[in-house]
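Single-structure report; data block below.
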Amino acid sequence: MDSPPNILYIHSHDTGRFVQPYGFQVPTPNIQLLADQGVLFREAFCAAPTCSGSRASLLTGLYCHNNGMLGLAHRGWKLNDYGQHWVHALRRAGYRSTLIGEQHISVDPGVIGYDETIEVGSTRAEDVAPLTIETLRAAPSEPWFMSVGFFETHRSFFAPTSVRDTLYSLPPANLPDVVATRRDVAAFKASARALDQGIGAVLHALHDFGLVENTLVVCTTDHGIAFPGAKATLFDRGIGVMMIVRGPNGFSGGKVIDAPVSHLDVYPTLCELAGVDAPRWLQGSSLMPLVRGETERLHEAIFAETTYHAAYQPHRAVRSERWKYIRRFDDRLRPVLANIDDSPSKDLLLASGWADRELPREALFDLRFDPVEAHNLAGERPGVATELRERMEAWMRETGDPLLDGPVPAPPGAELNGPDQVSPSDPVNGHVPDPAGSVH
């Protein structure tokens with residue numbers, strides 16, 4: 001190509017991999033079409049299963065404890081340096097950048113560094129998609145980067161829109177299959193349909209305006225679905241994300257890549273495709289050797305973290321192809337319930353005594369025999385646990401994780417739920433930060 005590709009980064013809230021191309025019965029035909037035409041990364045993971053942290057890591061190429069986003073932007077956290085956002089690297093390659101819709105790494109989007117920020121009435125697909133289409137209609141001739149963020153599939157969900165979904169939907173494997181959870185999944189599906197329609201409208205506009213051939217579409221989400229045992233946890237249900245890329249330079253043909261990859265790998269990939277030197281601070285690897293078939297694996301292990309969400313929850317994890325090791329770094333051995341969005345599924349577990357269940361300080365799971373991560377083998381396989389614990393601690397030392405020095409303080413004025421509060425909508429600092437009972 002004579003010029004670098006345009007880049008459309010299109011992203012959602014709390015979708016995990018619960019979309020049609022990953023085998024779930026969640027009708028998302030437009031996302032499926034994108035997968036049929038592009039490259040689907042079957043084992044893609046975020047660096048943190050929290051909304052601001054995952055996005056910050058993707059957009060800076062740094063783990064949260066290195067970029068500063070150890071909590072939620074709307075609750076008091078910021079990036080250490082907004083100049084590390086990838087729009088600044090792309091600008092050096094001549095890209096013009098536009099922000100439309102959700103971003104969630106700053107209360108003030110003006111500090112991020114986009115050339116243009118489109119004002120929207122809400123970040124729901126019904127508002128974001130039409131504005132994106134009009135922006136694409138007037139797209140500049142020089143290479144452009146566009147961030148298009150949708151609120152869906154974040155709670156609050158709409159009511160289920162299908163009687164069939166309400167009757168027959170299968171809940172996630174870690175939740176009981178009962179009326180309440182089936183209805184909850186049906187409501188998620190209604191939100192996923194709205195997301196898919198928004199994505200479809202934007203993709204259709206690329207065709208209408210002759211932009212398909214030279215536009216790289218990066219479609220992903222921040223982290224797992226907003227159900228108990230997923231979002232804000234380091235299980236695969238929390239850190240596993242959809243990631244589909246379509247466009248020039250080999251991102252075509254309906255290919256599926258099974259090698260584990262991280263959100264951190266997207267930034268160096270964009271630099272390579274844009275023809276700009278990757279910043280030295282990046283902690284991921286370009287996806288291009290996988291896409292070109294030059295290697296079968298980029299990483300021996302994937303690392304992930306949580307420190308704050310609505311409440312303090314200092315956990316770290318390392319995941320190899322077969323094993324997952326998770327460690328808690330505080331003294332609390334019961335669920336941090338305020339970090340889980342309120343929902344019918346949560347209510348069901350609370351009524352069954354979830355708040356009183358004791359959790360292990362460290363956990364080891366054999367992902368071959370226990371993909372649901374339900375049977376802790378830390379006591380039964382001490383050799384494997386020690387190996388992964390040492391690998392995780394080495395990563396923490398190499399990256400300067402402040403958790404190694406003890407509890408990590410929140411920034412002054414941060415809005416935090418207490419560890420014994422049940423809901424993120426419980427009062428914080430004299431007011432209610434998340435009145436809908438959802439954690440962004």
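Observations on the model:
- Rounded to whole numbers, the Karplus 3J(HN,Hα) couplings from phi for the range 428-440 are 9, 6, x, 8, 9, x, 10, x, 7, x, 10, 10, 5 Hz, using 6.51 cos²θ - 1.76 cosθ + 1.60 with θ = phi - 60°, and x at Gly and Pro.
- Listed by chain and number, the lysines whose C-alpha is less than 22 Å from the C-alpha of Lys78, apart from same-chain residues fewer than 8 away, are Lys231.
- Maximal additional length on extending the Val256-Ala173 stretch stands at 27.5 nm, based on 0.36 nm per residue less the C-alpha distance.
- The simple spin-label model puts a point 7 Å past each Cα toward its Cβ; for Glu380 and Ala301 those points are separated by 2.2 nm.
- Separation of the range 327-394 and the range 257-309, taken as the distance between their Cα centroids, equals 27 angstrom.
- Each Lys and Arg Cβ is given +1 and each Asp and Glu Cβ -1; about its Cα centre, the chain then shows a dipole of about 480 debye.
- The chain: DSSP helices with Cα axial extent of at least 15 Å and average Kyte-Doolittle hydropathy no lower than -0.5: 125-137, 179-208
- For the range 146-246, the dipole from Cβ point charges (+1 on Lys and Arg, -1 on Asp and Glu) about the Cα centre works out to 300 debye, to the nearest 20.
- A simple rule links phi to the HN-Hα coupling: the Karplus curve 6.51 cos²θ - 1.76 cosθ + 1.60 with θ = phi - 60°, which for the range 154-163 gives 5, 5, 8, 6, 6, 5, x, 9, 9, 4 Hz, with x for Gly and Pro.
- Along the axis of the charge dipole computed for the range 1-89 (Cβ charges of +1 for Lys and Arg, -1 for Asp and Glu, origin at the Cα centre), the listed residues Pro49, Gln32, Tyr9 are led at the positive end by Pro49.
- Loop-located GluC sites (Glu not before Pro) in the range 334-404 (DSSP state other than H, G, I, E, B) with a sparse environment of at most 10 neighbouring Cβ atoms within 10 Å: Glu358.
- Residues in the range 219-232 carry Karplus couplings, in order, of 10, 8, 9, 7, 6, x, 5, 7, 10, x, x, 10, 3, 6 Hz; the curve used is 6.51 cos²θ - 1.76 cosθ + 1.60 with θ = phi - 60°, and Gly or Pro positions show x.
- Only beta bridges with both residues in the chain are counted; by DSSP, about 50 percent of them are antiparallel.
- Qualifying GluC sites (Glu not before Pro) in the range 88-119, where qualification requires a DSSP coil assignment and no more than 16 other C-beta atoms within 10 Å, comprise Glu119.
- 10 Å Cβ shell holding at most 16 others, DSSP loop, trypsin sites (Lys or Arg not before Pro): longest site-free stretch of the chain: 1-279
- Projecting the Cα atoms of Thr161, Ala274, His263 onto the dipole axis of the range 145-304, where Lys and Arg carry +1 and Asp and Glu carry -1 at the beta carbon, places Thr161 farthest toward the positive end.
Each value in this text was obtained by applying a stated rule to the coordinates, not by laboratory testing. Quantities reported herein were computed from a predicted structural model and do not represent experimental measurements. A quick note on method: Cβ atoms are made from the backbone with ideal geometry, for glycine too, and the neighbour counts reach across all protein chains shown.
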